[in-house]
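What follows is a short report on a single structure.
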Amino acid sequence: MIFEVCTDSIEGVIKAEKLGVNRVELCSALSVGGLTPNIGLIKQCVSSSSIEIHVMIRHKEGGFNYSEEDIEIMATDIIAAKEVGVKGVVFGILTDDKEVSILNEKLVLLSKSLNLEVTFHRAFDFVKDYKKAISKIVDFGFDRLLTSGLESKAEAGLEIISNLQRNYGNSIQIMAGSGINASNVLKIAKSGINNIHFSARKSSNIVPGLSMGEAMVVDEDKIKSIITQFK
């Protein structure tokens, strides 16, 4: 089983590696689904660990529909991430009518030219026709798809996740994510999925006020409890 932890901190990367996680999706702003982290954080995470770092390429919240100008921003971020040594990038672009956009192809080609792995993220869970969507994603050359099976939680979307694994798993890695924990990870794994994605953070119970956000810390116990299910 391949474990991927979504984190927004250097502490999360270091602890994930220590606990046996295979891969990290590095983001900022996890409360809005994840945005592109700053280059200082990316560089420090790469230099402080040997774990695979895959960086979220999403510079603004509020959806997955982008203009040509947005695509140039994303391309710049992909190049910058490569320059500091990441293993891969994570993005997903939809059209106004919730189909997989042709604009993905430009960024996939750029990423591949830089020898980066490419993951299509949970923008997939907003598509109207998932079979049409996965076919496009495979054709564009994505290495991996992160999905909760078009539901808010992977356990609820397990039927679609299983279908994706069964019918497309030889062409692209299918990775289940959202709401995965020690109590349901074995059920999800039994669907044939070999890649599990989960976040691992909890409140520090420190709130500075003035709308500055809540301080979070790495949830080491969650990481341990999921991985130990497979030992």
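Computed from the coordinates by the stated procedures, all read-outs in this text should not be read as laboratory data. Everything numeric here is computed off the predicted structure, so don't read it as measured data. Please note: Cβ atoms are built from the backbone with ideal geometry, for glycine as well, and neighbour counts cover all protein chains shown.
If the convex hull of the alpha-carbon atoms of region 28-156 is projected onto planes in all directions, what is the mean projected area in square nanometres? Could you put the intermediate results ahead of the total?
Numbers: hull surface 31.4 nm².
Taking the Cα atoms of region 28-156, their convex hull projects to 7.9 nm² on average.
How large is ³J(HN,Hα) for each residue in region 109-125, as worked out from phi by the Karplus curve 6.51 cos²θ - 1.76 cosθ + 1.60 (θ = phi - 60°), to whole Hz, x for Gly and Pro?
4, 4, 4, 5, 5, 9, 6, 9, 6, 10, 10, 8, 8, 6, 4, 4, 6
For the chain, what size does the Cα cloud have along each of its three principal axes, sorted from largest down, in whole Å?
Reported extents, whole Å, longest axis first: 42, 39, 35.
Amide H neighbours of V55 under 5 Å, at least 5 residues apart or on other chains, H built in the peptide plane: list them.
Amide H neighbours of V55: L26, G88, V89, V90.
What does the net charge come to around I161 if you take all other residues with beta carbon closer than 14 Å to its beta carbon, with K and R at +1 and D and E at -1? Don't skip to the end; give the middle numbers.
Details: positive: R122, K131, R144, K153, R166, K187, K190; negative: D125, E151, E155, E159.
Taking every other residue near I161 into account, the sum is +3.
Classify region 77-129 as rounded, prolate or oblate, taking a ≥ b ≥ c as the square roots of the eigenvalues of its Cα gyration tensor: rounded when a/c is under 1.5, otherwise prolate if a/b is larger than b/c and oblate if not. Let's see the in-between values first.
On the way: a/c = 3.01, a/b = 2.23, b/c = 1.35.
Taking the square roots of the gyration eigenvalues as a ≥ b ≥ c, region 77-129 is prolate.
Exceeding 25 Å between C-alpha atoms, which entries from my cross-link table qualify? They are K87/K132; K190/K224; K106/K128.
Details: K87/K132 28 Å; K190/K224 19 Å; K106/K128 22 Å.
Pairs exceeding the cut-off: K87/K132.
In region 2-230, with Lys and Arg counted as +1 and Asp and Glu as -1 at Cβ, which of these residues, A81, I53, L35, has the Cα nearest the positive end of the dipole, that is, farthest along it?
In region 2-230, that residue is I53.
Hey, what number do you get for the chain at 222 nm if only DSSP H runs of n ≥ 4 count, each worth -39500 (n - 2.57), divided across all residues, to the nearest 500?
Values: 8 runs with 80 residues, N = 231.
Only helices count here, giving -10000 deg cm²/dmol.
Report the antiparallel proportion of the DSSP beta bridges in region 2-230 as a percent, rounded to a multiple of 5.
15 percent
Using alpha-carbon positions, what is the distance between the centroids of region 89-153 and region 178-231, in Å?
If we compute the Cα centre of each part, the gap is 24 Å.
Let me spell out the model: positive unit charges on the Cβ of Lys and Arg, negative unit charges on the Cβ of Asp and Glu, origin at the Cα centre of region 2-230. What dipole size does that give, in debye rounded to 20? Spell out each step's value before the answer.
Working: 25 positive and 29 negative charges, 140 e Å.
Here the size comes out at about 680 debye.
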